[in-house]
Every structure is written in structure tokens, then in C-alpha cells.
Amino acid sequence: MTLAVFFGCTFIAFGPALGLFVFTIARDPLRIIILIAGAFFWLVSLLLSSLIWFIAVKASDPRDEPLQKGLLIFGVMFSVLLQEAFRFLYYKLLRKAIEGLVALSEDGCSPISIQQMAYVAGVGFGLMSGAFSMINLLADTLGPGTVGIHGDSQLYFLTSAFMTMVLIFLHTFWGILFFHGCEHRRWWEITAVVVMHLAVSGSVCGVDPAPSRDPEVLRDVPVPSHPCPSLHPGGKSGHHLLCNIFSPELGDPGQSLWGRHWVHLRQPANWCGLL
């Protein structure tokens, strides 16, 4: 059963994007390079977001719940804005690349248009985003264990897989719209991308920080998110791939999901993943 869940969620999350890659990108080496470079730019933006989040968490009081909620909002907004800033930098880089390709070509034409670059770059952003959203989840689907055995939702993995698929397509769409806005100086299109990205991120990372120790009021959030540094009990630091809020009383957050509840929304917030 766990193997079926693993392959099912994998194909739901990455199947459509894999189809786009095979039929529209894989045959052209230049497009593959652009896709890999786009994934790298997204990865660098995530690394910087994680660094800022780590510094903010280390410098704050984990018992100050209003402050932690404010840091969560700041972290989400900063991560989104940084991703879009790197999307803009990538557009500038590709624009320079087109000029170089035109100069080297015999007929004075670029072998790839800016619209095609926008599509491929968006797919690269989306695939890397989806990979960081699902990689640890997919590892845990292999078990051992039963989803929802403690009364939680049995659709956790399925919902996460569909959410990852949607986010990959959203990044592709955002990349096309963003590049079109930059190319034609339509700043309202760029603003629309940033606003939509912020709206999606905020909709999946809402947190009620009210403390409670009653396990009956603890709920799971079936949405994937991207990693940022977290503080483990005992002083260790690491990364998790879910929008989790951990409490030291719940045990080691590094252990498998099969031995504990996942997201405890009403625990004091000391960590939350960023979209």
C-alpha cells in the first residue's frame, strides 16, 4: 500500500510537468540548459530566504508568540519577493544571452525566442519548487505506517501531491507573464505576478498561534511548503519540508511522521516552512 501511495503521489505531483519536459523541452539542449539554470536561480533564492529566516529565529524570543507570528508573515513575504527578484535577474541574464546568440548566429536570428525562454524558465522554477515541496513527503510515504491512524486526514499525501502539481503550473504561468511584462514594460503584469504569489503563499501558511496542549484540537495542514532552517530540541539545526510548528514536548521533530502527529497548529509557533 505504501508503494502505491508513493508512485501515485509522485505521478500526480510531477507527471504533468514531466510530460511538458519530455514533449517540449528535452529535444532541445539549449532549453535544457535554460531549465537547469532557472531551477538554480530558484534554489539560490531559497537559500538566501532560509539564511534570513535562520538569523531572525535565532535573534528572537521563541516564547514571544506575537513576535513569532510576525516573523512568519515577514518570512513568507520576504521569500516570495526574493523569488520574484531572482526571476527578474534571470530575465536580464536571458536577455543578454539572446543578444549573444544573435551575434553568433549566421542569419542574425536567435535560435530561441524570449517567450520560449519564459516558458522553459517557469518550468525550471516550478520543478525545483515542487521537488523541495514533496521530496521528504515522498520518502515518508514508503512507510512503515498508516496515514490517519490517529484520526487525522487520510488525504494528506494526496492533497499535498495535487498542491505541488498546481504550484508547478503556477510557477510556469508566473514565469511567462513576468517575462512578458518585462519585455513589453507592462509593470502591471509584473505586479500581478507578485500579488498572486503572495496570495497563494499566504493562503497555505495561515497559522493560529494560540497555545494548547489538548491533542483533540491539533489539526493537520495538508499543504506542502518549502524548507527553511528549524531549531531542533537539543540545539541542532536542520531543514524540514512541511509547514510544521514544533513543540519540544512532542519529541524529536526529525523522526518519521508515522510515529507522531504532523502539524500542530495550536502549539507555540517556533518554525514554519516558506512557500
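The values are calculated or read from the model by the stated rules, or taken from the named source; none is laboratory data. Model, not experiment: these values are computed from the prediction. No Cβ is skipped: glycine too gets one built from the backbone with ideal geometry, and neighbour counts run over all protein chains shown. Side chains included, ligands, DNA and RNA excluded: accessible areas come from the protein's heavy atoms. Shrake-Rupley method; radii C 1.70, N 1.55, O 1.52, S 1.80 Å.
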Evaluate segment 67-89: report whether one residue or more is closer than 14 Å to Trp42 by Cβ and more than 16 Å from the chain's Cα centre (by Cα). yes
Across (1) buried (at least 17 other Cβ atoms within 10 Å of the Cβ); (2) more than 19 Å from the chain's Cα centre (by Cα); (3) aliphatic (A, V, I, L, M), Leu155 clears everything bar (1)
Scanning segment 135-152 residue by residue, the ones that are free of Cβ contacts under 8 Å to residues at least 40 places away in the same chain and either buried (at least 20 other Cβ atoms within 10 Å of the Cβ) or on the phi > 0 side of the Ramachandran plot (or both) total 2
Residue within segment 117-134 that is at pLDDT below 85 and open to solvent by 40 Å² or more (accessible area, probe 1.4 Å) present: no
When restricted to Leu101, Leu127, the only residue assigned to a helix (DSSP H, G or I) and touching a Pro at 6+ places or on another chain (Cβ under 8 Å) is Leu101
Pro111 vs (1) open to solvent by less than 80 Å² (accessible area, probe 1.4 Å); (2) in contact (Cβ under 8 Å) with a residue 60 or more places away in the chain; (3) more than 15 Å from Leu198 (Cα to Cα): all pass except (1)
The lone condition Ile34 fails out of (1) open to solvent by 20 Å² or more (accessible area, probe 1.4 Å); (2) in contact (Cβ under 8 Å) with a residue 24 or more places away in the chain; (3) of a type in the set (Val, Ile, Thr) is (1)
In the set Ala4, Ala26, the lone residue that is at pLDDT 90 or above, farther than 19 Å from Val166 by Cα and surrounded by fewer than 15 Cβ atoms within 10 Å (Cβ to Cβ) is Ala26
Only unsatisfied item for Ser60, checking (1) in contact (Cβ under 8 Å) with a residue 60 or more places away in the chain; (2) touching a helix residue (DSSP H, G or I) at 6+ places or on another chain (Cβ under 7 Å); (3) farther than 19 Å from Gly175 by Cα; (4) among the hydroxyl-bearing types (Ser, Thr, Tyr), is (1)
